[in-house]
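To start, the structure itself, in structure tokens.
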Amino acid sequence: MTVPLTAPLLRLEGLAVRYGSVQALAGIDLEVRQGELVALLGSNGAGKTASLRAISRLVNASSGRILWRGADLAPLSTERTVKLGIGHCPEGRRVLARQSVAANLKLGAWLRRDRAAITADLERCYGLFPRLAERRQQLAGSLSGGEQQMLAIARALMGRPTLLLLDEPSLGLAPKLVAELMATLARLHRDGLTLLLVEQNATAALAIADRAVVLETGRVRLAGSAAELRQDPELQALYLGE
Ligand code: ATP
């Protein structure tokens, strides 16, 4: 028997989520190891957002377990998950439109007290997203959709996450911006960040992911390495339009 060298950072075991009478997730298994970029794919309503919301403790699991470094997250609040190192960049950006870019970014560090490191991280974010640097005093509401998405990601990075959960960052972006965004995520991954990337854009996500899990109506339909899934005829027929 092969024993893994390290426990996964995150492990979902039979995770199920209900919204009233709607079964959003019907028991899924998923693992994310330190340093991996795992894509969570599937069409509208497949249960991708519900998975991320359960991990961040924004919604309760109806059954199953969510393990962080082997420990159950169920008793913890969302604030505790952030403190543990789980950053969440929600769907739809949710930046504070009437606050400046800089103020939005500082908000991402709300649980931190290390002021010098916060300032250094702010500069790192501006290095990563030069367009935010140029617009740091501008109101977030005046940014383009793509820039607001960059801001939402940078704000999540300001919490210094070990694992970043990203919910459909490419939604509504022009193809050129999607490419730019994916290149930035690949760079964060190369620099050591662990990512769980929810996407409907399977082609873009599979180009940068190590592994992927495809959900369909709350269940795992396919799972494997990104390289395997790129070649998978079933996935190509379902999501890659081939
Ligand atoms: P999308 O791309 O549309 O966000 P998704 O894969 O993220 O899709 P979820 O948002 O997780 O899907 O939704 C899974 C199921 O749960 C869907 O059937 C959806 O209609 C339902 N659902 C989601 N949020 C709620 C809610 N607040 N109340 C009731 N049902 C919900």
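Please list 30-37, 210-217 highest first by mean number of surrounding beta-carbon atoms within 10 Å per residue.
210-217, 30-37
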Can you tell me the 0 to 90 degree angle between the C-alpha axis of helix 115-128 and the longest principal axis of the chain, rounded to 10?
80 degrees
Consider all pairwise Cα distances in the chain and report the whole-number % of them above 27 Å.
34 percent
Restricted to the chain, the DSSP antiparallel beta bridge percent, nearest 5, is 55 percent
Within straight-line cross-link reach of residue 48, lysines at Cα separation under 26 Å, skipping those fewer than 8 residues along the same chain
83, 176
Residue-averaged 222 nm ellipticity for the chain, from DSSP H runs of 4+ at -39500 (n - 2.57), nearest 500:
-10500 deg cm²/dmol
If you take every residue apart from residue 132 with its C-beta less than 14 Å away from the C-beta of residue 132, what net charge results, scoring Lys and Arg +1 and Asp and Glu -1?
+2
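What's the extension gain from residue 216 to residue 99 if we count 0.36 nm per residue and subtract their Cα-Cα distance?
Between residue 216 and residue 99, full extension yields 38.3 nm more.
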For the charge dipole of the chain, defined by +1 on Lys and Arg C-beta atoms and -1 on Asp and Glu C-beta atoms about the Cα centroid, which residue among 223, 54, 213 has the Cα displaced farthest towards the positive pole?
54
Residue 236-residue 63 pseudo-label distance in nm [points 7 Å out on the Cα-to-Cβ vector]:
3.8 nm
Full-extension gain between residue 91 and residue 186, please, as 0.36 nm times their residue separation minus the C-alpha to C-alpha distance.
32.3 nm
Probe 1.4 Å - accessible area at residue 106, Å² to nearest ten:
120 Å²
Taking the dipole about the Cα centre of region 95-158, with the C-beta of Lys and Arg at +1 and of Asp and Glu at -1, give me whichever of 148, 111, 101 is farthest to the positive side.
111
Cα lying deepest toward the dipole's positive end in the chain, options 129, 171, 158, charges on Cβ
158
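How much net charge surrounds residue 216 when only other residues with a Cβ under 12 Å from its Cβ are counted (Lys, Arg +1; Asp, Glu -1)?
Every neighbour counted, the sum reads +2.
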Using alpha carbons only, how many degrees (0 to 90, rounded to 10) separate the axis of helix 175-190 from the longest principal axis of the chain?
80 degrees
What distance in nm separates the two pseudo spin-label positions at residue 44 and residue 179, each 7 Å out from Cα along the beta-carbon direction?
2.8 nm
Pairwise label distance in nanometres, residue 171 with residue 131, each label 7 Å out on the Cα-Cβ vector
1.8 nm
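The values are calculated or read from the model by the stated rules, or taken from the named source; none is laboratory data. Predicted, not measured: the structure shown is a model, and the values here were computed from it. Backbone-built Cβ (ideal geometry, glycine too); neighbour counts: all protein chains shown. Remember, those area values only see protein heavy atoms, side chains included, never the ligands or the DNA or RNA. Shrake-Rupley method; radii C 1.70, N 1.55, O 1.52, S 1.80 Å.
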